[in-house]
Structure formats: C-alpha cells, structure tokens
Amino acid sequence: MDLSAVAFYVFSILIIGSAAVMVFAKNIIHSAFALMFTLAGLALMYALLFAGFVAVTQLLVYVGGILVLILFGVMLTTRGYFEKVKTRTVNLLPSTIFVAIIGVLLIAVFTTTEWSTMPLEDGEVTMTGLGELLLTDFMLPFQVAGVLLLLAIIGAVLMASSARPPHQPPQAEQPDHPDEDPKNIS
Amino acid sequence: MQQFLESFLPAGPLVVFVFSIIPLMIILVYALFAIWLERKVAGHIQDRLGPMETGGWHGWAQTLADLVKMIQKEDIVPAKADRFLFKMAPFIAFAASYGAFVAIPFSSGYIGSMIDVGVFYIVAITSLLSVSIIMAGWASNNKWSLLGAMRTAAQTVSYEVPVVVTILSVIIVTGTLNLMEITEMQTGNAFLGFLPSWLIFHSPFMVIAFVLFFIASLAEAHRVPFDLPESESELVGGYQTEYSGMRWGLFMLTEYADMLLLSLVGATLFFGGWNSPFGSFMDGPVWGAFWMLLKGMVLVFVMMWLRWTLPRLRVDQLMNLCWKYLIPLSFVNLVLIALWEMIF
C-alpha cells in the first residue's frame, strides 16, 4: 500500500467519522463543527486527486463561507446564547424503512456497476485553462449562474429590508405607559 | 532547497520534515521578536521606555520570560465549557495560520509548495481561522467570548471581500496565482530607469489597490482599529477571555503569525517579494530571504504603529467602512486596473 492509498483511507475515515458525529450529535453546534471536518476532509480528498483548484474552492466556499453562516445563523436565532440547542429523534419507523430502501438501492447499484479505473493523466488542470474555458466554451452557463447568484443576493437584501421598514419611527403610535389610555389624558 | 537538505541529511521523511518546519521556526523566532517590538513601539509612542530590565539590553528577554511563565501555568478549562471544542480551538487556529505559509515564497530557493492556486489557497485556508475563533468563543460558554466570536464571524466574512477583490486586481496584471511566479515577474529595475519593477509602481491604481488591501488585511488580522473581536475595554478579551496559559499563548502566536502572513502576502504582491530593491546588488537566495522578511517586518511595524495611533471603530462603523467604502472602491479600482492593462 503506497502513501496515497494510506492518505485516502485516513481521509475517508475522517470524512465518514465526522459525518456520523454530525448526524448523531444531539447538540446542533457540535453537528456544525463536525460538518466542518467533513467538508475539510472532502477538500483533502480533492487535493489527493490532483484537483487543487476544486479543493481550495471547496475550502473557501463551504468552510469559509457556508459553515460560518450556518454557525452565525444558529447562534443568532436561538433564544438565549447558552441554552443548548438540542435535537431529538422523531419519526423513527418511517425513516428507518426509508433509509433501508435507499441503502439496499445503493448497495445494488454499487455491486452491479462495472467500475473502470483510469490511469492518472499527466498535467494538472491549470487555472489559466479553466479561466479560458469559462470565458469561451462555457460562457452562457457561467453568465447564467452569475445572474442567478445576483438575483439571490437582491432577493436576500429585499427580504431582510422589508422585515423592518426604515421610515417608520419605532413606537410612534404607542403610548408611553400602556396602562393609560392616551384619550383620557387629552 | 530540498537538494541542499538532502546533501547532509539522510534521505526520506526527515528531509520533508525539516523542509516543512522551516516556516514554523521563522514564525517562532519572529513572534518572540515581534511581541518585544510591539512593547517597545508602544512604549516609545507613549513616551515611555517599555521593557528595560529582563535580559539586560533593552529588555530583550522579556518575551522569553513570558513564554516560560506561560508554559508553567495551569491549564484551566471552565467547568461549564464544552471541554473538547474548548481544547481543540487554539490548535485549529494555529494550524490554519501555519498552513497558509506553504504558498509563501520566502526566497528564490524556498517555497513550501509550488501549487498553481497559490494566493487563492492562502485566502481559503485562513478562513478556517474564523471558524476556530467561533469555536473558541462558543465553547468558552461566556457572554464576552461569544460576542467576540460573533463579531469575528461578521468582520472576517465582510472584509474577505475587499481582500479578495484587491488580490484579484493584482492577478489581472500578473496573470498567475502562483506567488513565486508573481515575484519572478517583479525582478529587475526597469521602471523609469532606476525604480525596481515592483507591482506597486506598475500603475497609479496599484497604489490604491495596496492601500485597500492593507486596510482590509488589518481587519483580517484583527488589528487596531479593527480589533473588535478581542477589544479589552468592552469585551474583556473577546473570544480569548476564558483562555489562559499555553492555550492563550497559541492564540497570541496565531495572531502574530497572521500579521506576518498578511504582511508577507502584501510584500509579495506589491513590493517585489524576495527581490532586492537595488537590482542585482545584494541578490541571491539568502539575501532574498532577508529582503522578504525585512519587507514583511516593515509592514508589521506599520500595523503596530497604527495600533498605538488610532482608536477602535464601533461595530456599525466597521461594517459601514467595509460595505459602503472599501468594497465599492475596490471594485471600481479593479475595473480601472483592467482598463489600464487593456490600453497599455
């Protein structure tokens, strides 16, 4: 067994182990941090397969962006910082049946597929080549993805700003003391 | 460098080991020096002397004494803290910072890995730092720690945008992400006959790009005026409030390593990296390491200087500065640099 095979198994154990922790952890913050190890392990796996750009993008987008947002969201939305956010197990029977069916299907696919291995081709995918392809052959998908992301950003800003209209002064129509009726005073 | 090591070391893992801990040695020696320097700079800016006693000459051994004190301190974990995450956070923080040094060309003879994605990798791996700070802040089970961690998350995610856009505007000029190749492009003294052909002299917009990069990198390194994650006066110490002893020391080391990292990236992108400012005079791999570290240290010194000059921003001012000034400016600057490249 050569070094890259050892690395492959170590990273696999890291990914599967942390994914299991993520699913079974009762505390949602523990799940989020376990997810970090799963995503970073995937990045290591890409790096092992000579896909440096994909590995770095995985790290930047998922660990640096999405995971931080998940953590931020969980911490901000829970009532009270120190109340531990617990998850509980529901719908045990249907989910077991569903998982069993999916498991059987996956194993069936895995055993019946003819896996062909290819020798490693020389020459890493360079950033220059990737950029040129994106701006020539794949121009339309690239632009469409960009417009889609822009729409998502505008939508998010709109939703965030409509929750709290900025022009209304807060508590303008409410009396200072809720017990007193303002008409009685005047 | 690898051949040089193989000439006197037995081949195999030992060479790789020595090869990969060279940046660690640089960081450790630098941190000892930089913490002492920070105290001296602070002292002299405030018209006092700073440490003078320990070790004799200008208190040079002050940091060493602090280190010994920190190592023998008790490792305290708060009773209600999340033990596992609390203990793990400093290590992830330092690993993220140290991992980024792989792509830094310390001299023409030494770079950890000639990866194609270079500076993009540095941006990506340092994002682990904010995750580890959130981990530390949450696991401490302390109001101030958590507030510091939340500020870090917001600050790092926001200020990553101007950093990446200014780096992108340099990439437009160089056409490569590999920091070694970027440095090699800046060799020579072609500009105006005597100025080194560093990228900062490439066009007036590069100066703007550098200023934007430096401001944003101050925020990325959590330095004053952007040190809200650990502001002592309001949050006691932010995410590191509950840490003591060597675990706190690791956070301190990470912070200083991060300063050096961003300064070295700035030096490589804008100030010619390991190139000598005098053309072929004082050139070569060893002088290269000297110039690289000197340029980095100058930027680190400016960071210290700013720390004792400027007051801290408020949270809303921090966000305003980033989203209303730095990001639009950096995008406009990106377009201008691209136009300059097209015309000239």
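The values are calculated or read from the model by the stated rules, or taken from the named source; none is laboratory data. Computed from a prediction, not measured in an experiment: that's the story for all the values here. Neighbour counts are summed over all protein chains in view; Cβ atoms, including those assigned to glycine, are modelled from backbone coordinates with ideal geometry.
Annotations for the structure displayed:
- Which listed residue is surrounded by 15 or more Cβ atoms within 10 Å (Cβ to Cβ) and assigned by TED's automatic domain parsing to the domain that holds B:Gln240, from B:Asp66, B:Asp82: B:Asp82
- Note on the range B:243-265: residues that are surrounded by fewer than 23 Cβ atoms within 10 Å (Cβ to Cβ) and not in a helix (DSSP H, G or I) total 1.
- When B:Leu177, B:Leu147 are checked against the criterion of being within 24 Å of B:Leu261 (Cβ to Cβ) and among the aliphatic types (A, V, I, L, M), B:Leu177 stands alone in meeting it.
- Condition check for A:Phe53: within 14 Å of chain B (Cβ to nearest Cβ) and modelled with pLDDT of 80 or more: yes
- The one condition in (1) surrounded by 12 or more Cβ atoms within 10 Å (Cβ to Cβ); (2) of a type in the set (Ser, Thr, Tyr); (3) at pLDDT 85 or above that A:Tyr9 fails to fulfil: (1)
- The set of residues in the range A:13-37 being of a type in the set (Ser, Thr, Tyr) and either in contact (Cβ under 8 Å) with a residue 24 or more places away in the chain or in contact with a Leu (Cβ under 7 Å, 6 or more places away or on another chain) (or both) consists of A:Ser31 alone.
Rundown of residues vs (1) of a type outside the set (Ser, Thr, Tyr); (2) closer than 22 Å to B:Gln317 by Cβ; (3) within 14 Å of chain A (Cβ to nearest Cβ); (4) without any contact (Cβ under 8 Å) to a residue 40 or more places away in the chain, yes/no style:
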site: B:Lys143; (1), (2), (3), (4): yes, no, yes, yes
site: B:Thr152; (1), (2), (3), (4): no, yes, yes, no
site: B:Thr156; (1), (2), (3), (4): no, yes, yes, no
site: B:Glu160; (1), (2), (3), (4): yes, yes, yes, no
site: B:Ser169; (1), (2), (3), (4): no, no, no, no
site: B:Leu212; (1), (2), (3), (4): yes, yes, no, no
site: B:Ala216; (1), (2), (3), (4): yes, yes, no, no
site: B:His222; (1), (2), (3), (4): yes, yes, no, no
site: B:Asp227; (1), (2), (3), (4): yes, yes, no, no
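- Of the helices (runs of 4 or more DSSP H) contained entirely in the range B:55-155, those carrying at least 2 residues that are under 19 Å from the mean Cα position of the chain (by Cα) and more than 13 Å from B:Glu242 (Cα to Cα) fall at B:83-99, B:118-139.
- Any hit, the range B:322-332, residues being modelled with pLDDT of 85 or more, in a helix (DSSP H, G or I), more than 30 Å from B:Gly175 (Cβ to Cβ) and assigned by TED's automatic domain parsing to the domain that holds B:Ser107: yes
- Residue pairs meeting the criteria (Cβ under 9 Å; at least 6 apart or on separate chains; first assigned by TED's automatic domain parsing to the domain that holds A:Phe37, in the range A:68-93; second of a type in the set (D, E, K, R) and at pLDDT 70 or above): A:Tyr81/B:Lys143; A:Phe82/B:Lys80; A:Phe82/B:Lys143; A:Lys84/A:Lys26; A:Lys86/A:Lys26; A:Thr87/A:Lys26; A:Arg88/A:Lys26
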